[in-house]
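Student: Encoded as structure tokens, here's the structure I'll be asking about.
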Amino acid sequence: MDFKTFVFYVFSAILVFAALRVITSRNPVHAVLHLVLAFFTAGGIWLLLQAEFLAIVLVMTYVGAVMVLFLFVVMMLDINLDRLREGFWSYLPVGALVGILLVVEMAIVLGGRYFGLDAMPNPPAATEGYSNTRELGLVLYTEYVYPFELASLVLLVAMIAAVTLTLRKRKGLKYISASEQVAVKREGRIEVVKMPAEKE
């Protein structure tokens, strides 16, 4: 076993452990921290597979931004753990079905060559001057341009929906109507009041 294979197995073991701790940890903060570890370790595995761009994007996007936001929200919210555990067993059949499907998929992917299902050839060796970022961009913006645009549209709709859901009117909340502010005239800004002078 060479050093690269050894590092891959070590990273894979850490990734599986962190993923299990995400779903088994009772403390939400600990679960988020284990998810950060899982994403960081997945980035390391992608580096071993010579997918440097994807590894850097994963670390910068998820570990550097999204998971920090999750951790901030989880620590700011007062989460009632007893209320979250109510009805946990009612979700067990669906969760077990999804887990079995994931195990079957991973068994097919990892053990496909033993079952005669290995149809993917080994990738060619990288030549000098090869850039996987350039190749990814070429494939993404030529063959998969429509799915890429569709995914960006879905993310845009989700962002607009998230902003819309936060704009709920509450009682006692002071806000300025933009249309009334634009439609105001000069006469409505200042009112000159004439008052008689007072004598001491």
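Student: For the structure I just gave you, tell me whether VAL145 is among the β-branched types (Val, Ile, Thr), surrounded by 10 or more Cβ atoms within 10 Å (Cβ to Cβ) and modelled with pLDDT of 80 or more.
Tutor: Numbers: among the β-branched types (Val, Ile, Thr): yes; surrounded by 10 or more Cβ atoms within 10 Å (Cβ to Cβ): yes; modelled with pLDDT of 80 or more: yes.
So VAL145 passes the test.
Student: Look at the range 1-57 and say how many of its residues are without any contact (Cβ under 8 Å) to a residue 40 or more places away in the chain and basic (Lys, Arg).
Tutor: Total satisfying the criteria: 1.
Student: Right, here's the next one. Please indicate, with yes or no, whether at least one residue in the range 76-85 is of a type in the set (Asp, Glu) and modelled with pLDDT of 75 or more. Quick ask: steps written out before the conclusion?
Tutor: Within the range 76-85, the subset of a type in the set (Asp, Glu) is 78, 82.
Now drop any that are not modelled with pLDDT of 75 or more, which leaves none.
Checked against the condition, which is being of a type in the set (Asp, Glu) and modelled with pLDDT of 75 or more, the range 76-85 yields no hits at all.
Student: Inspect the range 176-183 for any residue being among the acidic types (Asp, Glu) and surrounded by 10 or more Cβ atoms within 10 Å (Cβ to Cβ) and give the result as yes or no.
Tutor: Of the residues in the range 176-183, the ones among the acidic types (Asp, Glu) are 180.
Checking which are surrounded by 10 or more Cβ atoms within 10 Å (Cβ to Cβ) leaves us with none.
No.
Student: Condition check: at pLDDT below 80, among the aromatic types (Phe, Trp, Tyr) and over 30 Å from GLN50 (Cα atoms). Does TYR130 satisfy that? Show your work before the answer.
Tutor: Working: at pLDDT below 80: yes; among the aromatic types (Phe, Trp, Tyr): yes; over 30 Å from GLN50 (Cα atoms): no.
The answer is no for TYR130.
Student: Within the range 148-189, track down each residue that is in a loop (DSSP other than H, G, I, E, B) and at pLDDT 75 or above.
Tutor: ILE176, SER177, ALA183, VAL184, LYS185 - these are the residues of the range 148-189 that are in a loop (DSSP other than H, G, I, E, B) and at pLDDT 75 or above.
Student: Please work out which one of (1) in contact with a helix residue (DSSP H, G or I) (Cβ under 6 Å, 6 or more places away or on another chain); (2) of a type in the set (A, V, I, L, M, F, W, C); (3) at pLDDT 75 or above; (4) within 25 Å of ARG26 (Cα to Cα) is the condition VAL98 fails and give its number.
Tutor: Going through (1) in contact with a helix residue (DSSP H, G or I) (Cβ under 6 Å, 6 or more places away or on another chain); (2) of a type in the set (A, V, I, L, M, F, W, C); (3) at pLDDT 75 or above; (4) within 25 Å of ARG26 (Cα to Cα) one by one, VAL98 breaks only (1).
The values are calculated or read from the model by the stated rules, or taken from the named source; none is laboratory data. Just so we're clear, the structure is a prediction, and the values are computed from it rather than from any experiment. Because the Cβ atoms are built from the backbone with ideal geometry, glycine has one as well, and the counts that use them run over all protein chains shown.
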